[in-house]
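What follows is a set of notes on a single structure, which appears directly below.
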Amino acid sequence: MDVVNFICTHKLVAISRQIYGQGLLSAAKILVDNGIHLLEITFDQNSPDCLQDTAAAIALIKEQLGDKICVGAGTVMSVEQARAAKDAGADFALAPNVDVEVIAQLRKLQLVAVPGALTPSEIALAYKAGADIVKVFPVANLGFEYLKAIRGPLNHIPLMAVGGVNADNVSDFLKAGCCSAGIGSNLLSRKKVDAGDFEQIKRSAAQLVAAVK
């Protein structure tokens, strides 16, 4: 699988935080059935079991859904977490920050690296360090005009919009120059999964897919 091309083609990344097991698998199947084929499963930095929990979740989704979905490990903030993501079968890895050591480790592991950055200097540094795509985070706080401005001098760097993205604004972020977008609680949340509200996840997925067509 050409992961970067897959991300740029399918565009929408569902972000899963603190969701594991059968609930996550059920949600992932709904996402795939409704046109979303990218899933980020985050490391919960506050949890002492985050390595095991996130690795198990990644392995489960890859085992059950295979190439129907491209799975990223999210909030990868250490070399140890990068290795755990690779061992679990992740296709790519995302972070909220620029850590040159972590990016180098992801390159060594042949995992697509998507670190998070905010300023032009951070974005350029991340790309120079080996990022495949740079996640602009938190993007909604800055808006479309900011993205358009930085795309001028940095139009060679693939960008992913994350933070406050929803069905109402996702197309604007893509038009502003982002190749993809990550959507969190506006699409997938632990509260929805715990409540068994998969119908709402289905509706949100359909709205997002329609918004980017």
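All of the numbers you see were taken from the coordinates with simple rules; none came from a lab. In this text the structure is predicted, and so the values were computed from the model without any measurement. Note that we place each Cβ from the backbone using ideal geometry, even for glycine, and neighbour counts take in every protein chain shown.
Structural remarks
- Selection count, the range 187-199, where residues are buried (at least 18 other Cβ atoms within 10 Å of the Cβ) and closer than 28 Å to ALA117 by Cα: 3
- Of residues in the range 133-142 being surrounded by fewer than 22 Cβ atoms within 10 Å (Cβ to Cβ) and farther than 14 Å from ASP172 by Cβ, the one farthest from the chain's Cα centre (by Cα): ASN141
- Flag if GLN81 is polar (S, T, N, Q) and in a helix (DSSP H, G or I): yes
- LEU187 vs. criteria closer than 26 Å to ASP44 by Cβ and touching a Gly at 6+ places or on another chain (Cβ under 9 Å): no
- The range 1-35: number of residues that are buried (at least 16 other Cβ atoms within 10 Å of the Cβ) and either on the phi > 0 side of the Ramachandran plot or outside any helix (DSSP H, G or I) (or both): 11
- Of all residues in the range 33-71 being in contact with a Leu (Cβ under 9 Å, 6 or more places away or on another chain) and small (Gly, Ala, Ser), the one that is farthest from ALA82 (Cα to Cα): GLY35
- Filter pass, LYS202 being assigned to a helix (DSSP H, G or I), surrounded by fewer than 15 Cβ atoms within 10 Å (Cβ to Cβ) and out of contact with any Lys or Arg (no Cβ under 7 Å at 6 or more places or on another chain): no
- Test: residue in the range 57-72 that is among the charged types (D, E, K, R), within 23 Å of ALA167 (Cβ to Cβ) and assigned to a loop (DSSP other than H, G, I, E, B): no
- Filter result for LEU154 (surrounded by 15 or more Cβ atoms within 10 Å (Cβ to Cβ), over 19 Å from the mean Cα position of the chain (by Cα) and not in a helix (DSSP H, G or I)): yes
- Which listed residue, of GLU145, GLU122, is out of contact with any Leu (no Cβ under 6 Å at 6 or more places or on another chain), exposed (fewer than 15 other Cβ atoms within 10 Å of the Cβ), outside any loop (DSSP other than H, G, I, E, B) and not hydrophobic (A, V, I, L, M, F, W, C): GLU145
- Qualifying residue in the range 41-48 (condition: over 20 Å from SER180 (Cα atoms), touching a strand residue (DSSP E or B) at 6+ places or on another chain (Cβ under 9 Å) and buried (at least 22 other Cβ atoms within 10 Å of the Cβ)): yes
- Selection count where residues are under 12 Å from the mean Cα position of the chain (by Cα) and not aliphatic (A, V, I, L, M), scope the range 71-107: 6
- Some residue of the range 45-52 being in a loop (DSSP other than H, G, I, E, B), out of contact with any Ser or Thr (no Cβ under 7 Å at 6 or more places or on another chain) and of a type outside the set (S, T, N, Q): yes
- Check on ALA117, of a type in the set (A, V, I, L, M, F, W, C), more than 22 Å from MET1 (Cβ to Cβ) and crowded, with 23+ Cβ neighbours inside 10 Å: yes
- Single unsatisfied condition, ASP168 versus (1) touching a residue at least 40 places away in the same chain (Cβ under 8 Å); (2) buried (at least 18 other Cβ atoms within 10 Å of the Cβ); (3) touching a helix residue (DSSP H, G or I) at 6+ places or on another chain (Cβ under 9 Å); (4) of a type outside the set (Val, Ile, Thr): (2)
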